[in-house]
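The values are calculated or read from the model by the stated rules, or taken from the named source; none is laboratory data. For clarity, every value in this text was computed on a predicted model and none was experimentally measured. Counting neighbours? That spans all protein chains shown, and the Cβs are built from the backbone with ideal geometry, glycine included. What goes into the accessible areas is simple: the full protein's heavy atoms, side chains included, and nothing from ligands, DNA or RNA. Shrake-Rupley method; radii C 1.70, N 1.55, O 1.52, S 1.80 Å.
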Amino acid sequence: MVPTASMEKTVLVGDHYLLFKLPYGPRLPFTSLHLPRWGRVKHADIVAFTSPTDPQEVLVKRVVAVGGDSIEIRNTTVYVNGAKLNEPYAVFTKSASRSGDNMPRQIVPRGELFMLGDNRNNSQDSRFWGPVLEANVIGKPLWIFWSYNAPSFAWLDPGVMHKLRFYASVGTHLLANTRWSRLGIHL
């Protein structure tokens, strides 16, 4: 489930997606064993990975650069290996300069990935915490199986009473707030 707007318009708050984990060495149920990792991540893939700042949190971002690539951001434009990226999916609002609008050229270390949210003004990503270990990738979102229109705070508030009220509201407004047009979208 997506609780924040860092990937909007590609992935919306409240989208629930099927995650394909098999190529990324998932843990075998009821054991501490993992299957072998055989999947490779490519440029522009959308992947789920454990957060480099909180290992309990799973994030969804787009892979912009892989190990060995150079990356630079100038006035919100991303350059990989010196070439301007064509990013029709990227959303940002031009306004006063913000942190993350510019980043000096750097080389992504081998075995690491540079991740960016598609909603650049509303994304904590590799611009702020650096590249992510490729081993942190846990899967690729395949397709959306349910999308419910509710704001981020509704999904994120950990309070028990809030959760009870929220899920009661979901039950009451299930048909009206389900985004039917998003069901089955391939990511």
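Which pairs have Cβ atoms under 6 Å, sit 6 or more apart or on different chains, and link a residue in region 112-137 that is within 15 Å of ALA44 (Cβ to Cβ) to one that is aromatic (Phe, Trp, Tyr) and modelled with pLDDT of 95 or more?
SER126/PHE114; VAL137/PHE49
Quick check on region 105-114. Is at least one of its residues at pLDDT below 95 and aromatic (Phe, Trp, Tyr)?
no
May I ask you to say which residue of ARG62, ARG74, ARG105, ARG110 is more than 19 Å from the chain's Cα centre (by Cα) and closer than 22 Å to PRO23 by Cα? Please lay out each step first, then the result.
Values: ARG62 fails: more than 19 Å from the chain's Cα centre (by Cα); ARG74 fails: closer than 22 Å to PRO23 by Cα; ARG105 fails: closer than 22 Å to PRO23 by Cα.
Only one candidate qualifies: ARG110.
Mind checking which residues of region 54-87 are among the charged types (D, E, K, R), closer than 13 Å to MET103 by Cβ and modelled with pLDDT under 95?
Looking only at region 54-87, we keep the residues that are among the charged types (D, E, K, R), and these are 54, 57, 61-62, 69, 72, 74, 84, 87.
Then drop every residue that is not closer than 13 Å to MET103 by Cβ, which leaves 72, 74.
Answer for region 54-87, where residues must be among the charged types (D, E, K, R), closer than 13 Å to MET103 by Cβ and modelled with pLDDT under 95: just ARG74.
So if I check each of TRP146, TRP155, which one is part of a strand (DSSP E or B) and surrounded by fewer than 19 Cβ atoms within 10 Å (Cβ to Cβ)? Spell out the reasoning first.
On the way: TRP155 fails: part of a strand (DSSP E or B).
Step by step, each of TRP146, TRP155 is checked, and only TRP146 is part of a strand (DSSP E or B) and surrounded by fewer than 19 Cβ atoms within 10 Å (Cβ to Cβ).
Being in contact with an Asp or Glu (Cβ under 7 Å, 6 or more places away or on another chain) and either open to solvent by less than 90 Å² (accessible area, probe 1.4 Å) or part of a loop (DSSP other than H, G, I, E, B) (or both), is that true of even one residue in region 13-28? Don't jump to the end; show me each part of the working.
Within region 13-28, the first condition is being in contact with an Asp or Glu (Cβ under 7 Å, 6 or more places away or on another chain), and the residues that meet it are none.
Looking for residues that are in contact with an Asp or Glu (Cβ under 7 Å, 6 or more places away or on another chain) and either open to solvent by less than 90 Å² (accessible area, probe 1.4 Å) or part of a loop (DSSP other than H, G, I, E, B) (or both), one finds none in region 13-28, hence no.
Kindly list the number of the only condition in (1) open to solvent by less than 90 Å² (accessible area, probe 1.4 Å); (2) under 25 Å from ASN121 (Cβ atoms); (3) free of Cβ contacts under 8 Å to residues at least 60 places away in the same chain that fails for VAL60.
VAL60 satisfies every listed condition except (3).
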